[in-house]
Amino acid sequence: MRALWRDRTFTQPVVWVTTFFMIAFHIGAIAALFVFTWKAFFVAMLLWWIAGGVGIGMGYHRLLTHRGYKTPKWVEYLLTIFATLTLEGGPIFWVAIHRMHHQNTDKEGDPHSPQDGGLWSHMGWIVTGQSIHNDSAVLLPFVPDLRKDRFHVWISKWHWIPMTVLGAGLLFFGGWSFLLWGIFFRTVLGLHSTWLVNSATHMWGSRRFQTGDTSRNSFWVALLTFGEGWHNNHHAHPQSSRHGLAWYEFDPNWYGIAALRMMGLAWDVKAGKLEAPHPVHSSS
Ligand SMILES: [Zn+2]
Ligand SMILES: [Zn+2]
């Protein structure tokens, strides 16, 4: 990890539109603390799981990026709509960035490696990563499958609509506390949780597999991301729909996929296993 003053964040121009929304959402999240109600809090927690776990973890990541299982189209589209509720962009942007990360992990071409700085890997690449935001030509070759699908092309352009509709609904039915908790606080919590997978689990945690990158397993990031924190397992077995490979590795997104399979809504589920002989453990 680089010293803060050499962090790549400070060498790139600010992306003002993204930065404006990031600041506005953080202000809204702080404002939520002044209108706390338990009802609003539980609405926020439920939406955190629906958007961050079911949407990003089960949808954008394990289904769309890695095709670790198959579902009916309506399930795929529903998970995609849930994922747009996180302010993490549409599926074409998200999936392309993440496939780039797997192809070039911690090397030239990785969109968010802590090799370029810890702050950069967490959020610098989003608020100052000019090239990624402006040069869609770099991203498109990574998502030929999604570009063929009219729904994914459409929702990638209009990804802010579900969030806006949800926000209007929360304001109408629950007032300001529901809006501030269910949209602003919940979104900021979800963003930092997801970003920790790019920053923390490439810096801190244990390594079960000797992958050629810095990926690590982190139980606390797994708790915040419904299972995405078993990131060393994931880099070793990218296609596996199961990230928590040991029984004690809490992985609610995997339980969700297993539940879909039980309902007949998921099939061809790829699931990695702990191989014999015993995998190498090392922690640092
Ligand atoms: Zn990674
Ligand atoms: Zn991945």
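The values are calculated or read from the model by the stated rules, or taken from the named source; none is laboratory data. Model, not experiment: these values are computed from the prediction. Positions of Cβ are backbone-derived with ideal geometry, glycine not excepted, and every protein chain shown enters the neighbour counts. Just so you know, the surface numbers come from the protein's heavy atoms only, side chains and all, with ligands and any DNA or RNA stripped out. Shrake-Rupley method; radii C 1.70, N 1.55, O 1.52, S 1.80 Å.
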Query raised in the report: So is Thr11 more than 28 Å from Thr214 (Cα to Cα) and more than 14 Å from ligand 2 (Cβ to nearest atom) or not?
Result: no
Requested in this report: Would you check if there is a residue in region 126-144 being open to solvent by less than 10 Å² (accessible area, probe 1.4 Å), in a helix (DSSP H, G or I) and touching a residue at least 60 places away in the same chain (Cβ under 8 Å)?
Outcome: no
Query raised in the report: What do you reckon, is Trp181 closer than 24 Å to His234 by Cα and open to solvent by less than 20 Å² (accessible area, probe 1.4 Å)?
Result: no
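Any idea which residue in region 228-252 is least open to solvent (accessible area, probe 1.4 Å), counting only those that are under 14 Å from Trp49 (Cβ atoms) and away from ligand 2 (no atom under 12 Å from the Cβ)?
Across region 228-252, the extreme among qualifying residues is Asp251.
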Report task. State all residues of region 99-125 that are open to solvent by 70 Å² or more (accessible area, probe 1.4 Å) and under 16 Å from Thr65 (Cα atoms); if no residue qualifies, say none. Result -> Gln103
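Residue under question is Ser241, and the condition is that it be away from ligand 1 (no atom under 16 Å from the Cβ) and outside any helix (DSSP H, G or I); does it hold?
Numbers: away from ligand 1 (no atom under 16 Å from the Cβ): yes; outside any helix (DSSP H, G or I): yes.
Spelling it out, Ser241 is indeed away from ligand 1 (no atom under 16 Å from the Cβ) and outside any helix (DSSP H, G or I).
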Query raised in the report: Any idea which of Leu180, Leu260, Leu196 is assigned to a helix (DSSP H, G or I), within 20 Å of Trp94 (Cα to Cα), modelled with pLDDT of 95 or more and aliphatic (A, V, I, L, M)?
Result: Leu196
Query raised in the report: Would a scan of region 208-218 turn up a residue that is of a type in the set (A, V, I, L, M, F, W, C), within 16 Å of ligand 1 (Cβ to nearest atom) and over 27 Å from Glu76 (Cβ atoms)?
Result: yes
Query raised in the report: Looking at region 70-93, is at least one residue within 16 Å of ligand 2 (Cβ to nearest atom) and over 26 Å from Leu46 (Cα atoms)?
Result: no
Query raised in the report: What residue, of Thr86, Thr9, is under 21 Å from Leu139 (Cβ atoms) and either in a helix (DSSP H, G or I) or at pLDDT below 95 (or both)?
Result: Thr9
**Report entry** Conditions (1) of a type outside the set (S, T, N, Q); (2) crowded, with 24+ Cβ neighbours inside 10 Å; (3) in contact with a Phe, Trp or Tyr (Cβ under 8 Å, 6 or more places away or on another chain): number failed by Arg261
**Finding:** (2)
